[in-house]
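> The structure follows.
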Amino acid sequence: MTLAEVAATPIRKSARLETTAPLRSASQTPLALAAKAQFGPLLFRAGKMHASKAFYERMLQADPASREAHAGLYYAHSALEDKHTAASHLGQAHHWPAIVTLPYRGAGAPVPILLLLSLNAGNVLILRFLNDRIFQTYVVIVEFCTSSTVLPPHRLVVNGIGDADVRSQALEAAQSILARTRAPVVNPPAAVLVTGRSSNAVRLSAVPGVLTPRTTDLPRKHLESANAAQILAGHGFSFPLLVRAPGYHMGQHFHRVDSPGQLPAALAELPGSDVIVIEYLDGCGSDGKIRKYRVLMVGGHLYPVHLAISSQWKIHYFSAEMEDHPEHRAEEAAFLSDMPAVLGLQTLTALRGIQSALGLDYGGVDFGLNARGQLLIYEANATMAVYRPDPDPKWDYRRPSIERIYTAVREFLLARAG
């Protein structure tokens with residue numbers, strides 16, 4: 001079975017519901033099974049993903065270097081929603097390297113760094129901080145890395161895997177890699193693993209001045225059932241509430257549900273077999289606008305990133321009402337130039353409590369403020385991105401704060417590298 005043949009085959013949605021089917025050829029030797037590779041495509045096209053996986057596993061026993069077997073296992077595991085195992089087989093199907101050496105353009109001796117990343121989504125956008133005139137970066141794809149992979153000389157390890165909700169296996173693989181080095185580590189995987197949305201909702205609620213939304217992961221089938229409203233009530237939810245697919249950011253696959261009757265339509269827009277249900281927190285100000293602040297945490301210090309203001313509940317900087325509203329940009333400029341004065345002591349104290357609870361070297365928090373002055377957690381983890389503004393002069397007020405962050409991250413990494 002070639003990669004092109006499998007790629008052209010649609011993955012049936014029913015695959016996730018299938019139980020393992022016995023293979024008629026189970027009594028055959030692995031060598032004989034491998035000789036009849038046409039069975040794999042037939043099983044796959046029939047939607048028998050467990051049987052297809054078992055077939056290719058036996059084929060791999062016959063020939064551990066078989067690219068066809070690895071390709072088949074990649075697609076079978078992908079259909080079964082095991083992205084981590086699928087990625088490891090993809091690398092072997094293509095013979096991709098576990099370590100990629102990025103160019104170094106500096107004049108002096110570089111600072112060598114290992115950057116651990118997942119082939120799948122969920123990585124931190126931290127490569128932009130690794131100036132190639134200072135750092136020699138070796139990118140380690142954790143799904144491809146084995147016990148025989150030789151790690152290049154390095155003075156620092158940066159864990160760039162940041163989404164605990166969908167990359168837990170990749171984070172565990174990163175931990176096994178770290179067992180082979182004595183270099184200091186930025187964002188240890190163990191610290192990132194406990195920053196999932198549901199976990200954060202519990203542990204950050206203990207921080208004084210912080211209000212976290214009730215958050216629960218539920219199987220899609222529970223919410224598609226006739227008694228979905230009762231199930232949600234049993235978990236402490238009332239309407240309106242929010243539903244989102246794990247692993248997506250920037251407002252993708254994220255919906256507000258105002259009544260039980262709206263739930264089926266919202267679920268139809270979400271991929272995957274699990275759904276994150278989130279309590280809706282009202283962060284509307286006295287002017288009817290919603291504000292979302294982003295603050296970055298680097299090496300124990302807090303840095304303002306941006307303030308997004310919008311009339312809509314789903315608020316992100318790229319879609320907020322900033323470009324055509326000079327009064328909103330003026331409010332953001334005040335936040336960026338003097339965050340303590342804008343937020344006040346109570347909110348700053350709450351932010352420091354969140355930073356301490358997260359325990360990340362690099363991370364951030366998106367939050368709002370309610371009428372009582374409580375800090376409303378929208379998101380807090382290692383995946384917070386920092387984007388440089390476009391060249392339009394209207395954004396000049398944002399540039400100094402962004403450059404302070406770039407300098408802070410660079411100096412922090414250099415200090416940790418010794």
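> Place a +1 charge on the Cβ of each Lys and Arg in the range 214-279 and a -1 charge on the Cβ of each Asp and Glu, then give the dipole magnitude about the Cα centre in debye, rounded to the nearest 20. Could you put the intermediate results ahead of the total?
On the way: 5 positive and 6 negative charges, 6 e Å.
Value, rounded to 20: 20 debye.
> A further question on this structure: Given 0.36 nm per residue, what is the gain on full extension from TRP395 to CYS284 after removing their alpha carbon distance, in nm? Present the calculation step by step, with values, prior to reporting the outcome.
Values: separation 111, 0.36 × 111 = 39.96 nm, distance 2.52 nm.
Contour length minus the Cα-Cα distance gives 37.4 nm.
> Based only on other Cβ atoms within 10 Å, what is the fewest-to-most ordering of ASP324, ASP396?
Starting with the residue having the fewest Cβ neighbours, the order is ASP324, ASP396.
> For Rg/Rh (Cα atoms, Kirkwood Rh), which listed value, (1) 1.17; (2) 1.20; (3) 1.01, comes from the coordinates shown?
(3)
> Let me ask something else. For PHE318, put the label point 7 Å out on the Cα→Cβ axis and report which residues of the range 240-283 keep their amide N under 18 Å from it.
Under cut-off, by backbone N: 245, 247-255.
> Using Cβ contacts closer than 10 Å as the measure, can you line up LEU270, LEU117 from fewest to most?
LEU270, LEU117
> Further question: So if we plug the beta-carbon distance of SER311 and ALA107 into 1/(1 + (r/R0)^6) with R0 = 56 Å, what FRET efficiency do we get, rounded to 0.05?
About 0.65, to the nearest 0.05.
> Looking at this model, which pairs from LYS314/LYS394; LYS221/LYS289; LYS48/LYS221; LYS53/LYS221 are more than 26 angstrom apart at the alpha-carbon?
Among LYS314/LYS394; LYS221/LYS289; LYS48/LYS221; LYS53/LYS221, the Cα-Cα distance tops 26 Å for LYS221/LYS289.
> At R0 = 35 Å, how high is the FRET efficiency between LEU127 and LYS221 if r is their beta carbon distance? Nearest 0.05 is fine. Don't skip to the end; give the middle numbers.
Working: r = 38 Å, r/R0 = 1.10.
According to the calculation, E is roughly 0.35.
> Related question: So for VAL386, VAL243, fewest C-beta neighbours within 10 Å to most, what's the order?
Final ranking by Cβ density, sparse to dense: VAL386, VAL243.
> Using helices alone, I'd like the mean residue ellipticity at 222 nm for the chain: each DSSP H run of four-plus residues gives -39500 (n - 2.57), total over residue count, nearest 500.
Calculated from helices alone, the mean residue ellipticity at 222 nm is -10000 deg cm²/dmol.
> Would you mind getting the Kirkwood hydrodynamic radius of the range 214-279 from its Cα pairs, rounded to one decimal in Å? Kindly include the intermediate steps, with their values, before the conclusion.
Values: mean 1/r = 0.0864 Å⁻¹.
After inverting the pairwise mean of 1/r, the radius is 11.6 Å.
> Hey, another quick one. Given +1 on the Cβ of Lys and Arg, -1 on the Cβ of Asp and Glu, and no further charges, what dipole in debye does the chain carry about its Cα centre, rounded to the nearest 20?
Computed about the Cα centre, the dipole is about 880 debye.
Here, each number is a calculation from the coordinates, and none is a lab measurement. All figures in this text were calculated on a predicted structure; none of them were measured in a lab. With ideal geometry, Cβ positions are generated from the backbone for all residues, glycine too; neighbour counts draw on all protein chains shown.
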